[in-house]
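*Asks:* So that we are looking at the same thing, I have put the structure below in structure tokens.
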Amino acid sequence: YGIGFGNLIGYLGFPSKEEIKNFNYDPNSYVGKLGLEKYYQNYLAGEEGEIIFEKDNKLNIIRTIKNKDPKIGYSLKLTIDADFQKKAYEIFDKYMKEKNFHKGGLIVMKVDTGEIISLISYPDFDNNIFIEKSLEIKDIFNNPYNPLFNKVVSGLYAPGSVIKPIIAVAALQEKIIDPNKKIYSSGELRIANPFFYGQYSIFKDWKAHGWVNMKEAIANSVNVYFYTIGGGYGNQQGLGVYRIKKYLKLFGLGNILGIDFPNEKSGFIPDPPTKAQNHFDKIWRLGDTYNLSIGQGDLLVTPLQIAVFTTALVTNKLIKPYLVSEILDDNNKVVLKNKPQILSKDLVDYNNLKIIQEGMRMTVTQGTAKILNSAKVEIAGKSGTPEILGKKKLNAFFTGYAPYSKPEIVMVLFIEEVPIGSVATLPLYRDLINLYFEKDKNYSLD
């Protein structure tokens, strides 16, 4: 299929010295160097044939000592919808070039099974170039936006506000707040310095929201609300760092999820011991808990993990994501079949989860993602705008599921280094959702 599939499928090349040493590869053989070609190398490679003759001193064959036929490798049947992936990449590429954005990614996953319908790391490359030995190979390796690096599975990002639904459901589960209780956002939270009278540490909201309850705080991404339930303020108890960490891990963060794709990263959840180990300022402060509560600070996740925890917010189950549904021999006989695998279930009380889902729906109907109201199906979701590069730039995330009343897919879209935050994702997100839910599945936009 070429571009749009290069990073997903991978390419073949000669093994490195490390691969020869670790896997006993023949230095002259082709092996998978990236993507599914690399992960499923042992299934795809087959076995080489071998013939050993005994000859006399005139090089006449006296007898055949060994004659082993080669075996063809197995084939993979993917969960990927190839037509959707192809068209989605074209739309993604057009949008990115129009806006002068350079890096991002998309993952679409079935809510009830963990099957991945689409996996795009942008920019991508045409893996046929490696077969053709084209001079363009050098361009791929020298591309500053790293098309060979899978940003969805291996990229580590501060998630920003997309984790706020987890913080909210944790607060409900721990019974520290009633969902109808309102917290006031003046646009910032001020913490008095205990040693210097009149000095404050100031934690910013993105605007003054006034009084908001939990659903409104999710819908409008109210930082002050989440600072308060995360770290506590005034007479409102907070979760504290260790309970936050407990629920982030419960929803799959900080863990390897086990996708059948190489170089999956586990991410990082900070806490007092890791700060003491990694920072010059070794003391965990209230501000660190506040930052963690809104997905900032040292917290790092993969877009894959965002997709999986969004699925968990819908189903109350942590489902293992996968890309290969079946492995077939040369007679198309199934030799291995992947089935949906639940990693854990009944994560939280369902009534608490329902409140979070309603807040995520309000994100679209009246919150930060109102543009998605014009999509062909009802969407629920959460935006995120993490600050990066010393707060000089922003990444843009949107995670959501659709249709809201009967969820079929989770879709996570992210674009790196944008000037305007999560709204950068929304027009593209709407187009991709519309593309997926085309009734006749011919993948042509109006």
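*Asks:* Determine the alpha carbon to alpha carbon distance for each of LYS245/LYS317; LYS103/LYS265; LYS38/LYS133; LYS164/LYS215; LYS17/LYS320 and list only those over 22 Å. Mind showing how you got there, number by number?
*Replies:* Working: LYS245/LYS317 18 Å; LYS103/LYS265 18 Å; LYS38/LYS133 19 Å; LYS164/LYS215 11 Å; LYS17/LYS320 33 Å.
With Cα atoms farther than 22 Å apart: LYS17/LYS320.
*Asks:* Hey, which aspartates and glutamates would be in cross-link range of LYS55, C-alpha to C-alpha under 18 Å, not counting anything within fewer than 8 residues on its own chain?
*Replies:* none
*Asks:* OK, next. Under a 1.4 Å probe, what is the accessible area of region 366-428 per residue, stated in Å²? List each step's numbers first, then the result.
*Replies:* Working: 2440 Å² over 63 residues.
Dividing the accessible area of region 366-428 by its residue count gives 39 Å².
*Asks:* While we're on this one: For a quick protection proxy, order the peptides 228-236, 307-315, 276-284 by their average other-Cβ count within 10 Å, most packed first. Don't skip to the end; give the middle numbers.
*Replies:* Values: 228-236: 18.8, 307-315: 25.0, 276-284: 10.6.
Listed from highest to lowest mean packing, they are 307-315, 228-236, 276-284.
*Asks:* If you don't mind, there's one more thing I want to ask. How large is ³J(HN,Hα) for each residue in region 230-242, as worked out from phi by the Karplus curve 6.51 cos²θ - 1.76 cosθ + 1.60 (θ = phi - 60°), to whole Hz, x for Gly and Pro?
*Replies:* Per-residue couplings from phi come out as x, x, x, 6, x, 8, 9, 5, x, 5, x, 4, 6 Hz.
*Asks:* Quick check: pseudo-label points 7 Å beyond the Cα along Cα→Cβ at ILE51 and GLU174, how many nm apart are they?
*Replies:* If labels sit at ILE51 and GLU174, their model points lie 7.1 nm apart.
*Asks:* Ranking request for peptides 334-344, 161-171: highest mean number of other beta-carbon atoms within 10 Å first, then the rest in descending order.
*Replies:* Ranking the peptides 334-344, 161-171 by packing returns 161-171, 334-344.
*Asks:* At 0.36 nm per residue, minus the direct Cα-Cα distance, what do SER134 and TYR1 gain on full extension? Give it in nm, one decimal, please.
*Replies:* Numbers: separation 133, 0.36 × 133 = 47.88 nm, distance 1.68 nm.
My answer for the length gained is 46.2 nm.
*Asks:* Please find the FRET efficiency linking TYR200 to LYS370, where r is the Cβ-Cβ separation and R0 is fixed at 35 Å, and quote it to the nearest 0.05. Write out the running numbers ahead of the final one.
*Replies:* Details: r = 34 Å, r/R0 = 0.96.
Efficiency for this residue pair is about 0.55.
*Asks:* HN-Hα J couplings of region 103-112 from phi, Karplus 6.51/-1.76/1.60, θ = phi - 60°, integer Hz, Gly and Pro as x?
*Replies:* Here the 3J(HN,Hα) series is 9, x, x, 9, 9, 10, 9, 5, 5, 8 Hz.
*Asks:* Okay, moving on. Where Lys and Arg each count +1 and Asp and Glu each count -1, what net charge lies around MET214 among other residues with Cβ under 14 Å from its Cβ?
*Replies:* On the way: positive: LYS164, LYS175, LYS181, LYS182, LYS215, LYS354, ARG361, LYS382; negative: GLU174, ASP178, GLU216, GLU358.
That works out to +4.
*Asks:* Let me ask something else. Calculate what fraction, in whole %, of the accessible area of the chain sits on carbon and sulfur atoms when a 1.4 Å probe is rolled over the protein chains. Working shown, then result.
*Replies:* On the way: 10860 of 21550 Å².
The C+S portion of the solvent-accessible surface of the chain is 50 percent.
*Asks:* Taking the alpha-carbon centroid of each part, what is the distance from region 89-115 to region 215-273 in angstrom?
*Replies:* Here the two parts' Cα centres lie 25 Å apart.
*Asks:* Give the aspartates and glutamates reachable from LYS370 as a straight Cα distance under 16 Å; neighbours fewer than 8 places away on the same chain don't count.
*Replies:* Counting by Cα, and skipping residues close in sequence, LYS370 has these aspartates and glutamates nearby: GLU216, GLU358, GLU378, ASP431.
*Asks:* For the chain, what is the mean residue ellipticity at 222 nm derived from helices alone (per DSSP H run of n ≥ 4: -39500 (n - 2.57); sum divided by total residues; nearest 500 deg cm²/dmol)? Show your work: numbers first, answer last.
*Replies:* Values: 16 runs with 141 residues, N = 446.
Only helices count here, giving -9000 deg cm²/dmol.
*Asks:* Moving on. Using the Cβ atoms and a cut-off under 11 Å, what net charge is assigned to the surroundings of GLU326, where Lys and Arg are +1 and Asp and Glu are -1?
*Replies:* On the way: positive: LYS77, LYS333, LYS337, LYS339; negative: ASP329.
Taking every Cβ under 11 Å from that of GLU326, the sum is +3.
*Asks:* Can you classify region 188-292 as rounded, prolate or oblate using the Cα gyration tensor, where a ≥ b ≥ c are the square roots of its eigenvalues, rounded means a/c under 1.5, and otherwise it's prolate if a/b beats b/c and oblate if not? Can you show the working numbers first?
*Replies:* Working: a/c = 2.47, a/b = 1.39, b/c = 1.77.
Oblate shape, in that a/c is at least 1.5 and b/c is the bigger or equal ratio.
*Asks:* Going Cα to Cα from LYS66, which aspartates and glutamates come in below 18 Å? Please leave out same-chain ones fewer than 8 positions away.
*Replies:* Leaving aside aspartates and glutamates fewer than 8 places away in the same chain, those within reach of LYS66 are GLU47, GLU48, GLU50, GLU54, ASP56.
*Asks:* I want to check the label-to-label distance for ALA208 and ALA82. Put each point 7 Å from Cα in the C-beta direction and report it in nm to one decimal.
*Replies:* 5.8 nm
*Asks:* When a/c reaches 1.5 or more, the comparison of a/b and b/c decides; with that in mind, is region 246-397 rounded, prolate or oblate per its Cα gyration tensor?
*Replies:* Details: a/c = 1.89, a/b = 1.30, b/c = 1.46.
The shape class here is oblate.
*Asks:* Give, as a single signed number, the net charge of other residues whose beta carbon lies under 13 Å from the beta carbon of ILE163, with Lys and Arg counted +1 and Asp and Glu -1.
*Replies:* Numbers: positive: LYS164, LYS245, LYS249, LYS382; negative: none.
With Lys, Arg at +1 and Asp, Glu at -1, the net is +4.
*Asks:* Between LYS339 and GLN237, what is the spin-label point distance in nm, taking each point 7 Å from the Cα along the Cα→C-beta axis?
*Replies:* Spacing of the two 7 Å Cα→Cβ label points: 4.3 nm.
*Asks:* Could you give the semi-axes, largest first, of the ellipsoid that matches the chain, computed as the square roots of 5 times the alpha carbon gyration tensor eigenvalues and rounded to whole Å?
*Replies:* They are 46, 24, 21 Å, listed from largest to smallest.
The values are calculated or read from the model by the stated rules, or taken from the named source; none is laboratory data. If you're wondering where the values come from, they're calculated on a predicted model, not measured in any experiment. Virtual Cβ from ideal backbone geometry, glycine too; neighbours counted across all protein chains shown. Protein only, heavy atoms only, side chains kept; ligands, DNA and RNA dropped before computing areas. Shrake-Rupley method; radii C 1.70, N 1.55, O 1.52, S 1.80 Å.
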